[in-house]
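Just below is one structure, and these are the notes that go with it.
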Amino acid sequence: MFFQVTNLEENTTQGNVTKVSASLRTGVIEVLEGHIDMIGRIDDDILVSESIVEGRVVRKEFLIRKGVLVVSNGGLSSEAPKGTYVLVHAKEMVELTGNRNEKTIDELDQKLDKKKIELDKILEKISLSLLDLSDSENRRKIFEGKSGIKVKNAYGEVKFFEKAISLIKDIKKS
């Protein structure tokens, strides 16, 4: 099976993948060779691929924000080898496994700081603060308001990077 996860900045591919697991909006899916063609949506959740390299299982985990998962058995083109293809395109993605070092966490911290500044600017324009988003009922009302989509997207991006940093730090501890 062939696996690819991508966004506008990154592209990760794997061959010889034996299984891909994802939490879609409609539930958890496990894709194996020969899976039916399908499309699904991943919202701020984990995607896992497993492959066999030199006789051992290699597992990669990604945190996906607003992703679309496509499973196809027809190949990507007429010249491509036949088999099962799993493609994921995401608005944001963070690989949780692999060589995680302080530089990576610093980069994520910088992205988080940038997203917080963007959220603060949006909230400032409508005379709100981050504290106004701490209560879920208040947050729901703000998201439904005139500027709700911008606030909701910016807030979601902040929460995504906070979750990514937290997950990576938890993985490093174990």
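The values are calculated or read from the model by the stated rules, or taken from the named source; none is laboratory data. These numbers were taken from a predicted model, which means no experiment stands behind them. Methodologically, a virtual Cβ is constructed for each residue, glycine included, from the backbone with ideal geometry; neighbour enumeration extends over all protein chains shown. Ligands, DNA and RNA are stripped out before the accessible areas are found, and what is left, the full protein with its side chains, is counted by its heavy atoms. Shrake-Rupley method; radii C 1.70, N 1.55, O 1.52, S 1.80 Å.
Residues that are at pLDDT 90 or above, in contact with a helix residue (DSSP H, G or I) (Cβ under 8 Å, 6 or more places away or on another chain) and β-branched (Val, Ile, Thr): does the range 87-106 have at least one? Yes, some residue in the range 87-106 is at pLDDT 90 or above, in contact with a helix residue (DSSP H, G or I) (Cβ under 8 Å, 6 or more places away or on another chain) and β-branched (Val, Ile, Thr).
For residues that are out of contact with any Leu (no Cβ under 9 Å at 6 or more places or on another chain) and not in a strand (DSSP E or B), scanning just the range 1-25, find the one that is surrounded by the fewest Cβ atoms within 10 Å (Cβ to Cβ). For the range 1-25, the residue satisfying everything is GLU9.
No other residue among ILE149, ILE165, ILE142 is more than 13 Å from LYS116 (Cβ to Cβ), modelled with pLDDT of 80 or more and crowded, with 16+ Cβ neighbours inside 10 Å apart from ILE142. Restricted to the range 123-137, and to residues there that are surrounded by fewer than 15 Cβ atoms within 10 Å (Cβ to Cβ) and not in a helix (DSSP H, G or I), the residue that is nearest to the chain's Cα centre (by Cα) is SER134. Within the range 26-33, is even one residue in contact with a Gly (Cβ under 6 Å, 6 or more places away or on another chain), among the hydrophobic types (A, V, I, L, M, F, W, C), within 23 Å of LEU167 (Cα to Cα) and assigned to a strand (DSSP E or B)? Scanning the range 26-33 turns up no residue that is in contact with a Gly (Cβ under 6 Å, 6 or more places away or on another chain), among the hydrophobic types (A, V, I, L, M, F, W, C), within 23 Å of LEU167 (Cα to Cα) and assigned to a strand (DSSP E or B). With respect to (1) among the hydroxyl-bearing types (Ser, Thr, Tyr); (2) open to solvent by less than 50 Å² (accessible area, probe 1.4 Å); (3) farther than 30 Å from MET38 by Cα, the lone exception for SER72 is condition (3). For the range 140-170, the set of residues classified as farther than 30 Å from THR104 by Cβ and in a helix (DSSP H, G or I) consists of ARG140, LYS141, ILE142, PHE143, GLU144, GLY148, ILE149, listed by residue number. Per the listing GLY34, GLY40, the residue uniquely more than 23 Å from the chain's Cα centre (by Cα) and at pLDDT 90 or above is GLY34. Would you check if GLY74 is of a type outside the set (D, E, K, R), assigned to a strand (DSSP E or B) and without any contact (Cβ under 8 Å) to a residue 40 or more places away in the chain? Criteria not met by GLY74.
Conditions tested, residue by residue: (1) open to solvent by less than 40 Å² (accessible area, probe 1.4 Å); (2) touching a residue at least 40 places away in the same chain (Cβ under 8 Å); (3) in a strand (DSSP E or B).
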position	(1), (2), (3)
ILE52	no, no, yes
PHE62	yes, yes, yes
LEU87	no, yes, yes
VAL94	yes, yes, yes
LYS116	no, yes, no
LYS121	no, no, no
